[in-house]
Amino acid sequence: MKEWPVLKPLPSYGRGRDAAGGRFTSLLYGTNLTDVIVTGANGTIDGQGSFWWQKFHKGKLKYTRPYLIEFMYSDTIQISNLTLLNSPSWNVHPVYSRIEDSYIVSGDDCIAVKSGWDEYGISFGMPTKQLVIRRLTCISPYSAAIALGSEMSGGIQDVRAEDITAVHTESGVRIKTARGRGGFVKDIFVRRMSLHTMKWVFWMTGNYKQHADNHYDPNALPLIQGINYRDIVANNVSMAARLEGIEGDPFTQICIANVTIGMAAKAKKVPWTCTDVEGITSGVSPRPCDLLPDQGQKKITACDFPAEPLSIDRV
């Protein structure tokens, strides 16, 4: 452990994820880099993480565990033709990058999109935006294929995810936030998902209460707006959707179109639960909750991707 230098906490977090102090540097680490390629002929990086996990579960770490790969404030990064195993914590921590062609088996979210934690994220004020996620295959029995938050206090905007396959995964795209987070999650576009054996297809919660410390502002309410899903097929699903906004701060402009969900034999009797949300649906089965009224086939294209490509797709 003494061979791993300790870095200061991220300014948008104010502390480490595992402990109040900083974090151990990652195995491969860089900051303010341009044009970096990490590749191998289908080689493997084995983080031998069991040592770190044992220390973590026994509460014997003063600092947050290292990652396998972390690039901060960097541009034009390619990580390809590699298998990453047994990380001490997160496998890859890229900041403001495009994510394509990934096969991920995880005990947590396959891809977690974040931007800062409570008052530290609000103060630092750096959103994650214009993120592309394509051709992801995910297995995560206890978490999501893609999670937005819960640390989203710097804001998350214009995320485009498409061609996603998830098998034995708790949820498809999950939005996590709470009172005290502030920030926003808006202009999210998801299409062409194939989901097999899921607990939830859609899950949004405004009650994810894990806070960095006790100094957050409970009146800092998050803005969740413009969440678009279309062209989704799922089977063997326990519950179609669990959508829970915040009382007095509803999640708005939710759009779900062209979705077919095959329920499991022992599925919940009420496939949709919705509170404090607003939006529309079109061509969705089973029938959504009354807070997301069906607009009929004429609105089937309502949740389309923006026609204008992001700048990263012009590279």
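For a distance above 25 Å, tell me the whole-number percent of Cα pairs in the chain that qualify.
When all Cα pairs of the chain are counted, 51 percent exceed 25 Å.
For region 257-274, just list the computed ³J(HN,Hα) in residue order, Karplus coefficients 6.51, -1.76 and 1.60, θ = phi - 60°, integers in Hz, with x standing in for Gly and Pro.
Here the 3J(HN,Hα) series is 9, 6, 10, 10, 10, x, 7, 6, 4, 10, 5, 4, 5, 10, x, 10, 10, 9 Hz.
In region 11-87, if every C-alpha pair distance is counted and binned at 5 Å from zero, what percent goes to each bin?
In order of increasing distance, the bins hold 4, 13, 20, 22, 18, 14, 8, 2 percent.
Using only protein heavy atoms and a 1.4 Å probe, report how much of H168 is accessible, in Å² to the nearest 10.
Looks like 100 Å² after rounding.
Measure up K62/K199; K62/K209; K186/K268; K8/K186 against 26 Å on the Cα-Cα distance and list the ones that go over.
K62/K199; K186/K268; K8/K186, as the Cα separations exceed 26 Å there.
Using the Cα centre as the reference, give the magnitude of the dipole from point charges on the C-beta atoms of the chain (Lys, Arg: +1; Asp, Glu: -1; all else neutral), rounded to the nearest 20 debye.
Dipole about the Cα centre, nearest 20: 760 debye.
If you put +1 on each Lys and Arg Cβ and -1 on each Asp and Glu Cβ, how big is the dipole of region 147-258 around its Cα centre, in Debye rounded to 20?
220
Would you pull out the residues with amide H under 5 Å of R15's amide H, same chain only if 5 or more places away, H placed 1.01 Å from N?
L10
When the chain is modelled as a GNM with alpha-carbon springs shorter than 10 Å, which of V237, V201, V36 fluctuates the most?
Of V237, V201, V36, the Gaussian network model singles out V36 as fluctuating most.
Of all beta bridges DSSP finds with both residues in region 106-307, what is the antiparallel percent, to the nearest 5?
5
The values are calculated or read from the model by the stated rules, or taken from the named source; none is laboratory data. Everything quoted here is computed from the prediction, not taken from an experiment. Positions of Cβ are generated from backbone atoms using ideal geometry, with glycine treated the same way; all protein chains shown enter the neighbour counts. What goes into the accessible areas is simple: the full protein's heavy atoms, side chains included, and nothing from ligands, DNA or RNA. Shrake-Rupley method; radii C 1.70, N 1.55, O 1.52, S 1.80 Å.
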